[in-house]
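Structure first, then comments.
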Amino acid sequence: MSPTEFASAVTAITSAFGDPTRREIYLFAHSNAEGVTASEVAEQFALHANVARHHLDKLAAGGYLEITTVRGAGGAGRPSKRYRTASDEVMLDVPVRQDDVLIELLGRALNELGPERASKLAEEVGEQYGRTMAAAMGDQTTRSFRSALHAVADALSAHGFAAHAEKEGGALRIVTEHCPFGEAAVEHPVICAVDRGMVKGMLGSLYGETSVEVMSSVPGGDDHCVTSFDD
């Protein structure tokens, strides 16, 4: 399997999962008859505006929200997008399923590659994707490692990882409480290298090259995944 094919499989599997934050955003939009903007969602959930917009666009693409364009008073200024629920009925069936065919394909490909090569390839794919994620954030010139880490955690959450940055014993780390790869990561722990690569790629773009290490993981029997750094 080539890096491109591997990346396609990983992306497809990730997109097949929902995200707890996205569900809360949907409920927030549903509670506002006039709809919500990305800025309002960002403020409500303490997210970067681009991360909030990503969640809203995902919900719109799935048919859960409708997008309307509203101009400011007197028609001045740039029009803003408002996201409204497409139905008065609350729909919480944001896809949280995995594609069995892709999971099987990924598992067999990893077994064929062997653990060392598979881990290297997975991290390379993750790092490349992480840099793409960072570029999508727009102007993200970061002044500190802390602010970069929080931006990375927000971006991971937007992609289904339910992540947050925290301080532990004087060191900063990212804690991930939900993995969009689900049982696939438990069956094939090498997939965790994708997460590590994504964090490494984003930090490399937002802050600078940083050593990234997964200290604990659900596939390893832990309650959640923890990523630590040597900044």
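The values are calculated or read from the model by the stated rules, or taken from the named source; none is laboratory data. Source: prediction; values computed, not measured. All Cβ positions, even for glycine, are placed from backbone atoms using ideal geometry, and neighbour counts span all protein chains on display. For the accessible areas, the whole protein counts, side chains as well, though only heavy atoms, and no ligand, DNA or RNA atoms are used. Shrake-Rupley method; radii C 1.70, N 1.55, O 1.52, S 1.80 Å.
Things worth noting here:
- Screening Cys179, Cys192 for residues that are open to solvent by 30 Å² or more (accessible area, probe 1.4 Å) and either without any contact (Cβ under 8 Å) to a residue 60 or more places away in the chain or over 23 Å from Leu47 (Cβ atoms) (or both) leaves exactly one candidate, Cys179.
- Residues of the stretch 62-85 satisfying the condition of being surrounded by 11 or more Cβ atoms within 10 Å (Cβ to Cβ), within 23 Å of His159 (Cβ to Cβ) and at pLDDT below 80: Gly62, Tyr64
- When residues of the stretch 175-205 are limited to those that are acidic (Asp, Glu) and more than 13 Å from the chain's Cα centre (by Cα), the one nearest to Asp223 (Cα to Cα): Glu183
- The stretch 195-225, subset open to solvent by 60 Å² or more (accessible area, probe 1.4 Å) and of a type in the set (A, V, I, L, M), residue modelled with the lowest pLDDT: Val218
- Filter result for Arg173 (open to solvent by 20 Å² or more (accessible area, probe 1.4 Å), farther than 23 Å from Met215 by Cβ and of a type in the set (D, E, K, R)): no
- Condition met for Gly130 (exposed (fewer than 15 other Cβ atoms within 10 Å of the Cβ) and either touching a helix residue (DSSP H, G or I) at 6+ places or on another chain (Cβ under 6 Å) or on the phi > 0 side of the Ramachandran plot (or both)): no
- In the stretch 104-144, residue modelled with the lowest pLDDT [restricted to those that are of a type in the set (A, V, I, L, M), in contact with a His (Cβ under 9 Å, 6 or more places away or on another chain) and within 27 Å of Ala38 (Cα to Cα)]: Met137
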